[in-house]
Number of protein chains: 2
Amino acid sequence: MKLTPTMEKFILHWGEMGWRWGINRSVAQVHALLMMTTKPLSAEEICESLGVARSNVSNSLKELQGWGLVRVVHVFGDRREHFETLRDVWEMFLIILRERKKREIDPTLQTLRECATDAAKDKQEPPHTGERLAELIEFMELSSGWADRAQAMSPAAAKRLCKLGDKVFRLVG
Amino acid sequence: MKLTPTMEKFILHWGEMGWRWGINRSVAQVHALLMMTTKPLSAEEICESLGVARSNVSNSLKELQGWGLVRVVHVFGDRREHFETLRDVWEMFLIILRERKKREIDPTLQTLRECATDAAKDKQEPPHTGERLAELIEFMELSSGWADRAQAMSPAAAKRLCKLGDKVFRLVG
DNA sequence: ACCAAATTTCTCAGATAACAGAAATAACTA
DNA sequence: TAGTTATTTCTGTTATCTGAGAAATTTGGT
């Protein structure tokens, strides 16, 4: 698996971007590599292609499987596990949306609600604390609702919705 | 500026969440603190409240001003600069959207396009590389378009759109 | 111009995360 | 069951990030 210059460039950039969004660089790079290859790769091949340690690849693949972005595939005549990522960008997007909602929005909403009830009980608490929290909660609840509806869509429907473009925004002038 | 338990809890959580999205913990904490206070705070006060070094606060505030999330305010009879964040969650959201688009989506789109033209030139490049890149580019372009339209909205319009909820999704069945 | 206060920049230490390599475990084959 | 290969877990090192404190600079007042 010798990488072409184009692939290298893409992998480097994807790693960097993933990192900016709180994803480990190696994890993002493994994902990028799998996106660029059609055939499933063994851990060994990923390792060689990216020039990172075997153990690192193993952990990155586990992480990506945890996100549901990478699947194990078996190849005839080969004991080793092979790995592939989803081929549909839209499906990937919806999965990431679902996971980040579960991992970040839901817990945040819960914390905010706890804070709000605490603030309501505690007489020491200045009144604006509750107000600010209420605004945040409203925002997060609406985001949460959108995320739920979005992830309930098929990838094709998501694509269609995006393509509607201006029509959607015209709903609110 | 003694913090109430509720504020502390919120600040800790916001710091953690910001960190998961690639924002420095202190930066997110300063932001959280400013969200929870109505009156503008001096760097000194922020420093004491959060128990971090003065220099750290200085840098965090610079970072937040770079995002456009924090503004300098002057207070009568006080030489020192005071800081406040936006009071509207929706406006904050739109600003973050705009910034992240500028910092991450736009450069990614540019890199992807460069990769695509490189791949088209290079005869060594397997054909599926170009196909995959084209899919990614389409996705990023649509995202980019949505982000542009969203950031062109007023915060109030954004809120209205979110509240429409199901109606939007029914556009695509 | 000088002094004092405020702010920023610089440097360095500590904490954390990333990663390589070794060791251990598991899975398959004969 | 022994031997081989694949995979994971563990451990220690390296790199990176974070943030404190000092030093330098800027700003404002007299």
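Every number in this text was worked out from the coordinates using simple rules, so none of it is lab data. If you're wondering where the values come from, they're calculated on a predicted model, not measured in any experiment. Neighbour counts are summed over all protein chains in view; Cβ atoms, including those assigned to glycine, are modelled from backbone coordinates with ideal geometry.
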Only residues that are out of contact with any Phe, Trp or Tyr (no Cβ under 6 Å at 6 or more places or on another chain), facing chain A (nearest Cβ under 7 Å) and over 23 Å from A:LYS39 (Cα atoms): list them for region B:135-151, please. B:LEU142, B:GLY145, B:TRP146
Among (1) more than 9 Å from chain A (Cβ to nearest Cβ); (2) surrounded by 13 or more Cβ atoms within 10 Å (Cβ to Cβ); (3) under 23 Å from the mean Cα position of the chain (by Cα); (4) within 16 Å of DNA strand D (Cβ to nearest atom), B:ASP106 falls short only on (4)
Residues located in region B:59-76, provided they are within 9 Å of DNA strand D (Cβ to nearest atom) and surrounded by fewer than 18 Cβ atoms within 10 Å (Cβ to Cβ): B:ASN59, B:HIS74
Candidate set: region A:82-94, residues that are in a strand (DSSP E or B) and not β-branched (Val, Ile, Thr); chosen: the one surrounded by the most Cβ atoms within 10 Å (Cβ to Cβ): A:PHE83
In the set A:LEU41, A:LEU3, the lone residue that is surrounded by 18 or more Cβ atoms within 10 Å (Cβ to Cβ), touching a residue at least 24 places away in the same chain (Cβ under 8 Å) and more than 10 Å from every other protein chain (Cβ to nearest Cβ) is A:LEU41
Members of region B:1-43 that are closer than 13 Å to B:GLU63 by Cα and basic (Lys, Arg): B:ARG25
So, first residue over 15 Å from B:ALA32 (Cβ atoms) in region B:48-66, second residue surrounded by fewer than 16 Cβ atoms within 10 Å (Cβ to Cβ) and aliphatic (A, V, I, L, M), Cβ within less than 7 Å, six or more apart or across chains; the pairs are B:GLU48/B:MET1
Restricting to helices (runs of 4 or more DSSP H) lying wholly in region A:105-173: which have 2 or more residues that are among the aromatic types (Phe, Trp, Tyr)? A:127-152
Residues that are polar (S, T, N, Q) and over 29 Å from the mean Cα position of the chain (by Cα), drawn from region A:109-134: A:THR117, A:GLN124, A:THR129
State whether one or more residues within region A:119-134 are basic (Lys, Arg) and within 7 Å of chain B (Cβ to nearest Cβ). yes
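Among the residues of region A:44-58, count how many are within 22 Å of the chain's Cα centre (by Cα) and either surrounded by 15 or more Cβ atoms within 10 Å (Cβ to Cβ) or over 15 Å from A:GLU81 (Cβ atoms) (or both).
Filtering region A:44-58 down to residues within 22 Å of the chain's Cα centre (by Cα) leaves A:46, A:50, A:56-58.
Retained after the next criterion (residues that are either surrounded by 15 or more Cβ atoms within 10 Å (Cβ to Cβ) or over 15 Å from A:GLU81 (Cβ atoms) (or both)): A:46, A:50, A:56-57.
The qualifying residues number 4.
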Among the listed residues B:VAL72, B:VAL172, identify the single one that is touching an Asp or Glu at 6+ places or on another chain (Cβ under 6 Å), without any contact (Cβ under 8 Å) to a residue 12 or more places away in the chain and not basic (Lys, Arg). B:VAL72
The correct count of residues that are surrounded by 16 or more Cβ atoms within 10 Å (Cβ to Cβ) and more than 7 Å from chain B (Cβ to nearest Cβ) in region A:154-173 is 3
Residue check, A:ILE96 touching a Ser or Thr at 6+ places or on another chain (Cβ under 6 Å) and within 14 Å of another protein chain (Cβ to nearest Cβ): no
